[in-house]
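Report on one structure; see the data block that follows.
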Amino acid sequence: MSVCHVVRYVTNLGPGAVAVTEQGVCRVWLPGDDLSDIDRIATGDSELAKKAAKQLEQYFQGCLQRFDLPVDISLLTPFRQQVLQLTINIPYGSVSTYGQLAKEVGSPHAARAVGGALGANPVPVIIPCHRVVASNGALTGFSGAGGILMKENLLSLEGVDFRAFKKV
């Protein structure tokens, strides 16, 4: 794997961190995630890491709707990469469903596999997996710290009325 640069960022929900390689952002730790191992993997910061941290802070302040950052998801399977590339295109303040993404990826019966790909998303928020809900409107799990509560916080920040969705 490439050299990893890590920068911490601060939000009103708590601290987080972002890691980058030469190819792009490879990992985002959200507020509430365990940051204890970050210093062990970090080799210092970089301009891209600083830019990513700044954009994440702006997003959590409600001042940024679209990230301008390359991502490095090269260690994921081709299917997971394809799902995450489609997820990047879900607009701020909007939601899609696992089934819709499965159709877009060319596997209309693979909604669970899409959920698995989103659950393995190493760069949440930048790749907005929180914008995906079940076809029946249920707010399903979120792999980041805080689970569905974090998903609700992110959707609320974007102006989505998540109260209209079911919770499971």
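When the residues of segment 141-152 are narrowed to those that are surrounded by fewer than 19 Cβ atoms within 10 Å (Cβ to Cβ) and touching a residue at least 12 places away in the same chain (Cβ under 8 Å), which ends up nearest to GLY99 (Cα to Cα)?
Of everything passing the filter in segment 141-152, GLY141 is nearest to GLY99 (Cα to Cα).
Filtering segment 19-70 down to residues that are without any contact (Cβ under 8 Å) to a residue 12 or more places away in the chain and polar (S, T, N, Q), which residue is nearest to THR87 (Cα to Cα)?
The residue in question is GLN58.
Determine whether segment 61-74 contains at least one residue that is assigned to a helix (DSSP H, G or I) and in contact with a strand residue (DSSP E or B) (Cβ under 9 Å, 6 or more places away or on another chain).
No, because not a single residue in segment 61-74 is assigned to a helix (DSSP H, G or I) and in contact with a strand residue (DSSP E or B) (Cβ under 9 Å, 6 or more places away or on another chain).
Being of a type outside the set (A, V, I, L, M) and over 23 Å from ARG27 (Cβ atoms) is the filter here, so list the residues in segment 126-151 that pass it.
Selection gives SER135, ASN136, GLY137.
State whether one or more residues within segment 14-22 are within 22 Å of LEU154 (Cα to Cα) and either assigned by TED's automatic domain parsing to the domain that holds ILE127 or surrounded by fewer than 17 Cβ atoms within 10 Å (Cβ to Cβ) (or both).
yes
Sort through GLN65, GLN55, GLN85 and tell me the only one that's polar (S, T, N, Q), under 29 Å from SER135 (Cβ atoms) and outside the structural domain of LYS151 (by TED's automatic domain parsing).
On the way: GLN55 fails: under 29 Å from SER135 (Cβ atoms); GLN85 fails: outside the structural domain of LYS151 (by TED's automatic domain parsing).
Only one candidate passes the filter, namely GLN65.
For every residue, the table says whether it meets (1) of a type outside the set (Phe, Trp, Tyr); (2) not in a loop (DSSP other than H, G, I, E, B).
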position: TYR9; (1), (2): no, yes
position: VAL18; (1), (2): yes, yes
position: GLU22; (1), (2): yes, no
position: SER36; (1), (2): yes, no
position: LEU48; (1), (2): yes, yes
position: GLN58; (1), (2): yes, yes
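If I ask for residues that are closer than 30 Å to ALA111 by Cβ and either surrounded by fewer than 17 Cβ atoms within 10 Å (Cβ to Cβ) or among the hydroxyl-bearing types (Ser, Thr, Tyr) (or both), which ones from segment 38-63 would you list?
Within segment 38-63, TYR59 is the sole residue that qualifies.
The values are calculated or read from the model by the stated rules, or taken from the named source; none is laboratory data. Every value quoted in this text rests on a predicted model; they were computed, and no experiment measured them. Please note: Cβ atoms are built from the backbone with ideal geometry, for glycine as well, and neighbour counts cover all protein chains shown.
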